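Just below is one structure, and these are the notes that go with it.
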Amino acid sequence: DCRKSPVRTGLFCINIVKYYWVTEMIIKNEDKRRNVVIVDIETLVPENHLLRKIDSCINWNKIYEFVEDLYSPNMGRPSVDPVVLVKMVFLQHLYGLRSLRQTAENVSVNIAFRWFLGYDLIDKTPHFSTLSYNFKHRFSSEVFEKIFTWVLEEAINGGYVQPEVIFVDSTHIKANANSKKQMKKYIPAAVKAYEEQLYKEINEDRENHGRKTLNNESKRNEEQREVTASTTDPDSGLFHKGEHKKCFAYSAHTVCDQNNFILEVEVTPGNIHDSIVFDTVYDRVTSRLPDVKVVTVDAGYKTPWICKKIFDDNRIPSMPYKRPMTRKGNHPWQEYVYDEYYDCIICPEYQILNYATTNRNGYREYKSNPDICKNCPTRKKCTISRNCQKTVTRHIWHEYIERAEDVRHSPLGKETYSMRSQTIERVFADAKEKHGMRYTTFRGLAQVRNWVRLKFAAMNLKKLALRGHVCPLFYRFWAIFLIFQRKQAFSPT
């Protein structure tokens, strides 16, 4: 039959191949657990292992300089090598291990971990309690700051950081606190960094319009706000944004560059707005890296002060469109036109709203004539006030918002803002999915801040090892070439 039909011949051949290739005999493995083998731990770790690249990219002896003053030179019992302790914590953050206890258990059984720490196969590894005690009581916050800065400087000196465009954003970290155990309390209102400058310009604007100046000292001491605090972790804040469930959390305000190197981070309670912490992280980054040309942020940072601060520093803010917070069904905000020459607002019915005052928040108030608004055919789409008076506000620094809008429509603004999904958003995604930053087991702002800094230092170290291992000399020349190529493109004109 196979000779008569080619199809049957092909099927016959396939069945023969399956029989000889798929069919296997059962072979029972021998128990070799008690075999004695003379082996070097160096040969058990693959040549292209990640820990080999990390171990060779920096000089770990630098850690002794950070912790030397925390140990006694000639008294006390022998301590565990501080380099080993720091490396163990880096292992926790590199592989997303959930606790120091789990890290110590993995170190004792993982050959690559033992090689990274400098132990052989039979050495006794440090107990997790030793690791926990040193990082909670012995090492101060300055040590964690120095470790983070040290790793970042290694990346900067290697030419891997491109600071021309930076990206600023924040992400929340769930706190180790029960959301049902809460209480209400009053705390002093946050003092804005630019408050003195704002009040100075407010009083100048009021004097130019014939209004008396404001006194801010008495008002500042009285301002308080009510917040929901946790009884388990009082340092955390109640976080609620968009579709996220209400929970007590911390916020990690982060800055990164185009290559996803974390340049700065500041940890605050979860109920602190992003725009309040912007000055802190921005000043730190620009003082360390003055070559910053473009600052890319999301809509939460689109405030008059932030736009003014960036433009006054001769830099460019890259911001998205921010939807105006107006009442549904009313006239669109853009139909209220500001006349700069006469300093007034023209409404959609071509009536004039004259200047009334400048309030404490820095907004000029323009009010309409109630007698005219009573008979307006579109008054319901304009105002629902009882006295039939429309009030339109305009910040004294609103011109900086308009300049930021011009940048948003430019090719530079579109290009830099589209890079957020592959830079700062990717940093947060990797930190939570790969490095265990979705929630924290620590309590207290100081402990969480140290924990986040070590985690971002480990992420920077991983990027430094992977980029430097590929071809360090070529990448450095390529980075220098990109700096000169993009220098003119980012010049603020």
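To the nearest 20 debye, what is the magnitude of the charge dipole of the chain about its Cα centre, counting +1 on the Cβ of each Lys and Arg and -1 on the Cβ of each Asp and Glu? Intermediate results must be reported in sequence, preceding the final value.
Details: 75 positive and 59 negative charges, 435 e Å.
In total the dipole reaches around 2100 debye.
Where Lys and Arg each count +1 and Asp and Glu each count -1, what net charge lies around residue 311 among other residues with Cβ under 14 Å from its Cβ?
+1
Counting only protein chains, not ligands or nucleic acids, how are 212, 381 ordered by accessible area (probe 1.4 Å), most first?
Listed by decreasing accessible area, they come as 212, 381.
Residue 169's amide H: which non-local residues (gap 5+, or another chain) put their own amide H closer than 5 Å, with H modeled 1.01 Å from N in plane and none for Pro or chain starts?
254
Using a probe radius of 1.4 Å on heavy atoms only, what accessible surface per residue do you get for the stretch 333-400? Whole Å² is fine.
Working: 4410 Å² over 68 residues.
Solvent-accessible surface per residue comes out at 65 Å².
Give, in nm to one decimal, the length gained when the segment between residue 138 and residue 74 is fully stretched (0.36 nm per residue of separation minus the Cα-Cα distance). Walk me through the intermediate numbers first.
On the way: separation 64, 0.36 × 64 = 23.04 nm, distance 1.75 nm.
Extending this stretch completely gives an extra 21.3 nm.
Provide the per-residue ³J(HN,Hα) series for the stretch 359-369, in order, calculated from phi with Karplus coefficients 6.51, -1.76, 1.60 and θ = phi - 60°, each as a whole number of Hz, with x at glycine and proline positions.
Listing the rounded values in order: 7, 5, 8, x, 9, 7, 9, 10, 10, 8, 8 Hz.
Any idea what angle helix 398-408 forms with the longest principal axis of the chain, computed on alpha-carbon atoms, 0 to 90 degrees, nearest 10?
Rounded to the nearest ten degrees, it is 40.
Within 11 Å, Cβ to Cβ, of residue 45, how many net charges do the neighbouring residues add up to if Lys/Arg are +1 and Asp/Glu are -1?
Net charge in that neighbourhood comes out at -2.
Kindly write out, for the stretch 93-110 in residue order, the coupling ³J(HN,Hα) from the Karplus curve 6.51 cos²θ - 1.76 cosθ + 1.60 (θ = phi - 60°), rounded to whole Hz, with x marking Gly and Pro.
Ordered by residue, 3J(HN,Hα) equals 7, 5, 9, x, 6, 7, 8, 5, 5, 5, 5, 5, 5, 5, 5, 5, 10, 9 Hz.
At 7 Å along Cα-to-Cβ for each site, give me the label-to-label distance between residue 386 and residue 402 in nm.
Label at residue 386, label at residue 402, 3.7 nm between them.
In the stretch 314-409, what chymotrypsin sites (Phe, Trp or Tyr not before Pro) fall in a loop by DSSP, with at most 14 other Cβ atoms inside 10 Å?
Here the sparse-neighbourhood loop sites are 321, 341, 342, 350.
Can you list residues whose amide H is under 5 Å from residue 232's amide H, if they're 5+ apart or on another chain and H is modeled 1.01 Å from N?
Distant-sequence amide H within range of residue 232: 178.
In bins 10 Å wide, starting from 0, what share of all Cα pairs of the stretch 158-259 does each bin hold, as a percent?
All Cα pairs considered, the percentages come to 12, 24, 24, 25, 14, 1.
Take the alpha carbon atoms of the stretch 86-122, find their center, do the same for the stretch 392-412, and report the distance between the two centers in whole angstrom.
About 51 Å separates the Cα centre of the stretch 86-122 from the one of the stretch 392-412.
By how many degrees, 0 to 90 and rounded to 10, does the Cα axis of helix 472-486 deviate from the longest principal axis of the chain?
Taking the Cα atoms of the chain, the angle to 472-486 is about 20 degrees.
Output the 0 to 90 degree angle, nearest 10, between the alpha-carbon long axis of helix 6-22 and the longest principal axis computed from the alpha carbons of the chain.
The angle comes out near 80 degrees.
Could you give the accessible area per residue of the stretch 41-139, probe 1.4 Å, as a whole number in Å²?
56
May I ask you to list the trypsin sites (Lys or Arg not before Pro) in the stretch 319-372 that are in a DSSP loop and have at most 13 other Cβ atoms within 10 Å of their Cβ?
The qualifying sites are 327, 328, 360.
Under a 5 Å amide H to amide H cut-off, with H placed in plane at 1.01 Å, what residues pair with residue 247 once short-range neighbours are removed?
Those lying under 5 Å, H to H, from residue 247 are 239.
Hey, what do the phi angles of the stretch 72-80 turn into as Karplus ³J(HN,Hα) couplings, whole Hz, using 6.51/-1.76/1.60 and θ = phi - 60°, x for Gly and Pro?
Ordered by residue, 3J(HN,Hα) equals 7, x, 9, 9, x, 7, x, 9, 6 Hz.
Starting from 0.36 nm per residue, how many nanometres of slack lie between residue 197 and residue 246 once their C-alpha separation is accounted for?
Result: 14.1 nm gained on full extension.
Express the relative contact order of the chain as a whole percentage, based on alpha carbon pairs under 8 Å and six or more residues apart in sequence.
Taking the mean separation of contacting Cα pairs over the length of the chain, I get 19 percent.
What is the sum of charges, Lys and Arg at +1 and Asp and Glu at -1, for the other residues whose Cβ falls under 10 Å from the Cβ of residue 233?
+1
Express the relative contact order of the stretch 333-400 as a whole percentage, based on alpha carbon pairs under 8 Å and six or more residues apart in sequence.
Averaging sequence separation for qualifying contacts and normalising by length gives 24 percent for the stretch 333-400.
Of the heavy-atom accessible surface of the chain (probe 1.4 angstrom), what whole percent is carbon and sulfur?
Its accessible area is 51 percent carbon and sulfur atoms.
Of (1) 100, 93, 54; (2) 66, 56, 53; (3) 79, 48, 46, which is the value of Cα extents along the principal axes in Å derived from the coordinates here?
(1)
With contacts defined as alpha carbon pairs under 8 Å and 6 or more residues apart, what's the relative contact order of the stretch 324-455 in percent?
13
The values are calculated or read from the model by the stated rules, or taken from the named source; none is laboratory data. No experiment lies behind these values; they were computed from the predicted model shown. Using ideal geometry, Cβ is built from the backbone for each residue, glycine included, and neighbour counts are taken over all protein chains shown. Areas reflect the complete protein model, heavy atoms only, side chains present, ligands, DNA and RNA absent. Shrake-Rupley method; radii C 1.70, N 1.55, O 1.52, S 1.80 Å.
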